1. Taking other Cβ within 10 Å of each residue's Cβ, how do C160, C149 sort, fewest first?
2. Around L223, with a cut-off of 12 angstrom between Cβ atoms, what is the net charge of the other residues, counting Lys and Arg +1 and Asp and Glu -1?
3. On a full-extension model of 0.36 nm per residue, what is the gain between D80 and V39, subtracting their alpha-carbon distance, rounded to one decimal in nm?
4. On full extension of the chain, what length is gained from S280 through D138, given 0.36 nm per residue of separation minus the C-alpha to C-alpha distance?
5. What nm value, rounded to one decimal, do you get for the distance between E230 and F19 when each label is placed 7 Å out toward the C-beta?
6. Determine, for M93, M49, the number of other Cβ atoms within 10 Å of each Cβ, and report the residues in order from fewest to most.
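What follows draws every value from the coordinates through simple rules; no lab data is involved. Fair warning: this is a prediction, and the values are worked out from it, not measured in the lab. Neighbour counts are summed over all protein chains in view; Cβ atoms, including those assigned to glycine, are modelled from backbone coordinates with ideal geometry.
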Amino acid sequence: MNAPTRLGRLVVTVLGTVFGVLVGLFLFRRLPGTAFGTVEVLLTLATTMLFAVLSGRFARNAFPAYNVAEVAVEGPITRDGGGSLVSPPTGAMADEVVEQIDRADDDGAVEALLVKLNTPGGEVVPSDDIRLAAERFDGPTVAYTNDLCASGGYWIASGCDELWARDGTLVGSIGVRLGNLNLRELGDRVGVSYNELTAGEYKNAGSPFEEFTEDDREYLQNLVDSWYDEFVDVVAEGRGLDDETVRDTEARVYLGEEAAELGLVDDLGTRDDVEARVESLLGESVRTEEFRPQRRLRARTMLGATRVAYAAGAGVASVLGRDDEVELRL
């Protein structure tokens, strides 16, 4: 924090605290010339503390100690972060990431955006939502990855001005995958039938309880090909590459150095190198603030309940595994 910012915060906080003392004296002193009682003293102290806290918050907003915002996209990318009773909620919540980027864009103190990408990818539309948010940010947008920037993560990186990686980072996987688990034969073996009413020839295409026909395969493959074409267009435009170069990757992942040679990343370096790059773009020293999700109470409660439920389930599974010699993986 630089000296002017520190001084500005101190002045605002002191003035607010003094004002709180005066307000407390005005409100709780009974009569001029009379002494304070215990209750009056406590009420005045409470008022002073309240004004001190409020003025401190105002001072932090009025004199921010940062000029660069950082948001993180870590884990599988979904709309809600995933998670259930049998798996922990560890993914990136697209709507929350978009909210963080938009909040940084609206913050007058933020001049540049860092996007930390350590993700294997995820859902198409949530990934594109994050990419669009990074693309519309008003200022330099630099993405960096330490471990893995694949598939949906690279989709997001295509909306940033630059992408940095490490020598050992895996980058790429520019492709689309649509899975199908067919349980029809298993159902026949165990005597389980599944009845479903549909309207429209392809409504149940890919259903795990129906035969996977050639028509279904052709229909779903066309969808995958369309998503892939869009992915190629997004990468080609965002990264300044031609379509053939992107398609020639054949959805492979590359180590950082080879990815840089192919133009999939702009440069290699550590996070300190990335900050130095942002400093050169801004022409001033960088002070970074990590923007975190602003969850409402209900959302925080639900997320906490999911994590508790998973932890409890994992604990039960571990006990069963020890006592009954049964290995359960949740």
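1. C160, C149
2. Values: positive: R177, R217; negative: D216, E218, D225, D229, E230.
Local charge sum for L223: -3.
3. Stretched fully, the D80-V39 segment lengthens by 9.9 nm.
4. Values: separation 142, 0.36 × 142 = 51.12 nm, distance 1.71 nm.
Answer, rounded to one decimal: 49.4 nm.
5. 5.1 nm
6. On the way: M93 23, M49 13.
With the sparsest Cβ surroundings first, the list reads M49, M93.
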